[in-house]
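Following: one structure in structure tokens, then a few remarks.
The values are calculated or read from the model by the stated rules, or taken from the named source; none is laboratory data. None of these values were measured; they are calculated from a predicted model. All Cβ positions, even for glycine, are placed from backbone atoms using ideal geometry, and neighbour counts span all protein chains on display. In case anyone asks, the SASA skips ligands and DNA or RNA and just uses the protein heavy atoms, side chains included. Shrake-Rupley method; radii C 1.70, N 1.55, O 1.52, S 1.80 Å.
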Amino acid sequence: MFLSDDLLLTTDSRRPIRIRQNADAPYGFEEIGVLEAYMDSYRGARTAVIVGAGVAGLTAATALARSGWQVEIAEIGPPEAPSGWGLCLTGPSLRALDELGLSGACLAEGYGMSTITYVDVNGEPAGEVRLPRLIGARRPAMVGIARPVLHRILHAEAERCGVAVRHGVTVAAVDQEGELVRVRLSDGTVRRVALLVGADGIRSSTRGLLGLETSLDFHGQMVWRALVPRRPWATGIHQFAGKAHTAGLVPLSDRQAYVFLTENAVEQSVLPDAELAPRLRQLLETFPGRVQEIRSLVSESESVVRRPVFTALLEGAWNRGNGVVIGDAAHAPAPQMASGAALAVEDGLVLAQELGRHVSVGAGLRAFVSRRTQRCRTLVETSVAIVGREQAQRHHEAYPLADSCHRLMAEPA
């Protein structure tokens, strides 16, 4: 009979395996592989499974690993970096990334900006907002960055910190077992860890498995995005009010930007890929001035995407036992504030901070939720209010709403 911590070799004499007790297995013991043995050896210590290798999951993994946690990420997607256009890392994002030593890499590979320029329905300037510079007076207030580039930066840092990232798996079942969480993954493997973090997006399966429920609210908008060459005049975000819709341009690098268009008063629908670029050019046709220059850059490439605008806000606790949800799984704003990534990055950092300040995981999670709830609620609700102003063509009211929320988000997290 082997003891539960005995190490053996497989028949090829190379890969170590481990035998542990399992009442449900034949003879009361089972073999487990290297990674499971590694996580299992830390039972009762600071171990975590994070579901989702997006912005929130990778940031949380890095912050926890730097605090001494043993972390494994379960990501249902493939190892390849996600495709897509890009996003904006506003000041709060950069401040949190700066604490993790990653703001420099994002600034180097993205496009630093500090202004949002608003243009009215006639193509005339309607105002300019200079956002607070939160990581130094000589550094930009925000950065536009391609999604695959940001993913590569965050993924590389997580792995450098010792995080194990498994692809093609997700969470299938969750049970609280005393001070541990029993997590069964979709490939049948089981982890018993001190912490489960659901960072698996607005349609989070972890949220449901923890018994946390929220609605997904559709707001009658479809948002379009397409990669285009950056124009020389695009040194900050430009937003253009239209008679029916709203458009804009966000630089991602010296050479690249993405154009966005928010389509109002529309039902959820799916268009064939071949119709996306022509339809986007048609929608942009009604805008005057510089939008026509942008319109001519929209190609037939696969870079054009169209998605419904949903929001979600988890009421009450975001945690159940030693499980918690973060990022869009807990609070998904509309894209109008360009700050979904900011909340996700902050969540990962603050989660590690609060767990480090409290003796028990439960107390740390309660402190985390208490610290984050009002801030995230304010941003989600402001984004929804801006959606309403856009739909009513009251753009002049939307601009100060966005400005005041950005100022509020500049306050410490």
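Heavy-atom accessible surface of region 207-362, averaged per residue, reaches 39 Å², computed with a 1.4 Å probe.
Residue-normalised convex hull volume from the C-alpha trace of the chain: 151 Å³ per residue.
Radius of gyration over Kirkwood radius for region 38-172, both on Cα atoms: the Rg/Rh ratio is 1.09. Each DSSP beta bridge with both residues in the chain is either parallel or antiparallel, and the antiparallel ones are about 75%. From the largest down, region 216-363 spans 58, 35, 26 angstrom on the principal axes of its Cα atoms.
Overall, the accessible surface of region 204-292 at a probe of 1.4 angstrom is composed of carbon and sulfur to the extent of 49 percent. Between region 65-79 and region 261-285, what's the alpha-carbon centroid distance in Å? The two parts, judged by their Cα centres, are 37 Å apart. Our estimate of slack between Arg307 and Lys243, defined as 0.36 nm per intervening residue step minus the Cα-Cα distance, is 20.9 nm. Based on DSSP H segments of at least four residues, each scored -39500 (n - 2.57), the chain has a per-residue ellipticity at 222 nm of -10500 deg cm²/dmol.
Sorting 91-100, 336-345 by their mean Cβ neighbour count within 10 Å, with the most densely packed peptide first, gives 336-345, 91-100.
Shown for region 73-117: the carbon plus sulfur share of the solvent-accessible area, taken with all protein chains present and a 1.4 angstrom probe, equals 57%. In the frame of its principal axes, region 144-231 has Cα extents of 57, 39, 22 Å, reported largest first.
So how far, in whole Å, is the C-alpha centre of region 169-204 from the one of region 380-397? The two parts, judged by their Cα centres, are 38 Å apart.
Overall, the anisotropy analysis places region 68-111 in the oblate class: the square-rooted eigenvalues a ≥ b ≥ c of its C-alpha gyration tensor yield a/c not less than 1.5, with a/b not exceeding b/c.
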